[in-house]
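Since every read-out is calculated from the coordinates, none of them should be taken as a lab result. Everything numeric in this text was worked out from a predicted model, so none of it was measured. Positions of Cβ are generated from backbone atoms using ideal geometry, with glycine treated the same way; all protein chains shown enter the neighbour counts.
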Amino acid sequence: MKTIQRLATWYSQNVISRWTVFGIDMLLTGFSLLLGAWVMNEFGGGLTLFNFRALEKGMVVLMLYGFSFLMFRSFVGIIRHTGIADATRILYATTTAALVLLVFHSLTRQQNRVMDSAFSLSFGLILMHYLVTTFLLIWSRFIFKGLFMRFVAQEKDVKKIMIYGAGASGRMTMQVLARDTRTAYKILCFLDDNPRLQHKSVDGIPIYPSDYLLQELSTRKKADELIVSIQNIEPRRKKAIVEYCLTRDMLVRVVPPLEQWMNGEFSAKQIAPVAIEELLQRDPINLTNAEVSRLVRDKVILVTGAAGSIGSELVKQLGHYSPAQLICIDQAETPLHDLQLSLTKRSLNTGQGSLHYYVADITDTKRMRQIIRKHRPQMIFHAAAYKHVPLMEENPMEAVRVNILGTSSLLHLAREYGVARFVMVSTDKAVNPTNVMGASKRMAEIIAQAMVDAPGFEQTMDVVTTRFGNVLGSNGSVIPLFKRQLEAGGPITVTHPEITRYFMTIPEACQLVLEAATMGQGGEIYVFDMGEPVKIADLAHQMVRLSGLQPGKDIAIKYTGLRPGEKLYEELLAGDENTLPTHHPKILVARVRSSSYDQASDALGELRDALHSGDDYRLVSTLKKHIPEYISNNSRFNHLDKEQARSSSLTPNT
């Protein structure tokens, strides 16, 4: 037994030489000839074994088959990975050799040659030898492959798998798992929604209706994993399947889309666990693309923050509508360079207009004036902003300089150079802000609305604003942070067990921006029906389970406390705001408190003076003066609210 195990170990770690395989094939070919000759002699075939003529005939057969093996290269495949292609090559080789022998047989019979010549074999012997040789060569390979797989399975823990999808992708997944030498898999069954495939089998593996998964199959079969191998499964259906499996501690993995297969093929390591983003996705929003096309086509469009999460997706989506020019502006050099590289091939293939990339700061009025004067954009999508709440709480001057003064400067330049439409990306943190970042974005909203009525300009400009919640996969999203912490082995840090957030995907957010650009008449703030809020703690637990681990056991969840300026619940509308419907059921127009251009200009002047003073507290106090709903939370600026409340109570009523 030890000798056999050593041989099996050696075989599992080495690949048998192709010439060794060729030699074995020739031995099997000779054996099948002897077997056929013996059978034919037994039943009166007239062929005598072990004489000179028999050896001559044997050499002819072996030479013909050997030459055919060399011609079709039937011996070069790796035995442990034998498949249909290898069996087909063997079939071609043996069939060719047998046909040549049949031709010799026919010629000798037509010319009335003696039956004992070196080339004269009986038809029965040729046919029997062909069938036996083909059988031995093919099945010997599968026997060796089976022994190898059995040995590998004994050395490893076997994972019991169910495959959701019995179509082409599912069958290919089965083959990929069979070839994987790192892990031993046992495929219990296929699941499929197609009634024409149900209650049948693929390579001996049964196909059940997918409803079995939601009943008792996973418990009865005790599967370790479910692999989803359907390319066009609906997000809602995938979410239901994954959530069911997670409740039974069953890992769910997904076969990647066809375009992500490497060189048109994929391996077992590409079958990855379900991403949390896939579970948070909702049904896609069908927007009026024809209206977007009418608005964008042949226009010169400028995008600020073009290298960011929202900005880069905006640029990509705008490119589909054939603008005359796309001007991409960002102060981050490396991300802008990455965007340029990713769009170069795309722009050539789609035939869109010229792309221009500028490393520039939106607060540099002189630089921005040069760019706008050169290209004369007809539309501006303003996505540039500082967005990280705790960081801006420590750097309020940068938040005011970029988010407020930078936006104001850009708005004035847009009016000066006749921009027809200005679309600003805001945030739900601007509603009842509890931090400097949210307050700075709310102030930017007020200025944007006031610019619609700015005096001294001949042309009007439509200014619209869009508010978003958290964006999945963005640079500031909590999900990339959780992924990094998971890869590091934990712990996953959550600020508070009750903290909740709204989530949407980057494409959804950008579709909303484009829709706002088509709908806005000037001064509107659009909000999006973002569905139900999600508890961040639940998100963390779900991400751990999706990775096949147990929260609290394999990965710790640690609560660190609210960060400066952070609040438990985000809002999309303030208490005194209401909404009006639009033509799209998921998009609403917020009715918000607005300010006149003079009021906004006065506020800007005071903020500019406070910024130049270099005093953080004076600057934040000025913000609170013009945004009375701004109440700091868990911040070093909390005492300013008490001081303002005390001063207001001491001020006599007029």
Legend entry - Spin-label pair residue 168/residue 629, simplified geometry with 7 Å Cα→Cβ offset, distance in nm: 5.4 nm
Inset, instruction - Go through 429/483; 374/625; 239/567; 429/625 and tell me which ones have a Cα-Cα distance over 27 Å in this structure. - result: 374/625; 239/567
Inset, instruction - Report the FRET efficiency, 1/(1 + (r/R0)^6), for residue 369 and residue 644, where r is their Cβ-Cβ distance and R0 is 30 Å, rounded to 0.05. - result: 0.20
Inset, instruction - With a point put 7 Å past each Cα toward its Cβ, work out how far residue 143 is from residue 636 in nm, to one decimal. - result: 8.0 nm
Inset, instruction - Pull out the extension gain between residue 91 and residue 320, defined as 0.36 nm times the separation in residues minus the alpha carbon to alpha carbon distance; nm, one decimal. - result: 77.4 nm
Legend entry - Net charge of Cβ neighbours under 15 Å - reference residue 25; Lys, Arg +1; Asp, Glu -1: +3
Legend entry - Inter-label distance, nm, simple model (7 Å from Cα along the C-beta direction), residue 240/residue 199: 2.2 nm
Inset, instruction - Provide the gained length on full extension for the span residue 593 to residue 99, in nm with one decimal, where the gain is 0.36 nm per separating residue minus the Cα-Cα distance. - result: 168.8 nm
Legend entry - Alpha carbon centroid spacing (whole Å) that separates the range 486-531 from the range 404-442: 17 Å
Inset, instruction - Within the range 447-489, which residues have the backbone N less than 15 Å from the label spot 7 Å out from residue 398 along Cα→beta-carbon, could you tell me? - result: 476
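As an exercise, use a Förster radius of 35 Å and the Cβ-Cβ distance of residue 73 and residue 131 to find the FRET efficiency, rounded to the nearest 0.05.
Between residue 73 and residue 131 the formula returns 0.95.
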